[in-house]
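Structure first, then comments.
The values are calculated or read from the model by the stated rules, or taken from the named source; none is laboratory data. Please read all numbers here as calculations on a predicted model, not as lab measurements.
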Amino acid sequence: MVKDDGKDVGLALDFITGIQHAIHSEHHLLRTFVNTKDKVFLELAKYIREIRSEIMYKVIPEKKGENYCSTKHLSAFAQSLEELGNRFLEEGDIETSKLCFKYMSDVEASIILINQKGGKN
């Protein structure tokens, strides 16, 4: 989806989703390592982190303050809000679920906002 200003919002959301999945993959691989002591999971978590970092540096090349880390943590937060929203939905708490999904969307929009090229600093 391209907005009037020419920015591809769909690409930005694909980036955010990819970062979310990478972060959660790292997390689950590290937990699996802790539970199994199998170093394969530790090595795979390290590799996924390297891929995530490389992609993030290509998309966020400017070092404006803490953009890189903020983007990483906000992406993880948005993913957590989606998970919470799904849990509330499963429990039948529609209003809380809708609130979580709204906040998820707001957080994703903030990621796009802080990483706009040519925007005001």
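Structure notes:
- Checking each residue in region 42-58 for being within 13 Å of the chain's Cα centre (by Cα) and of a type in the set (A, V, I, L, M) picks out 55, 56.
- Flag for residue 97 being among the polar types (S, T, N, Q) and modelled with pLDDT under 95: no
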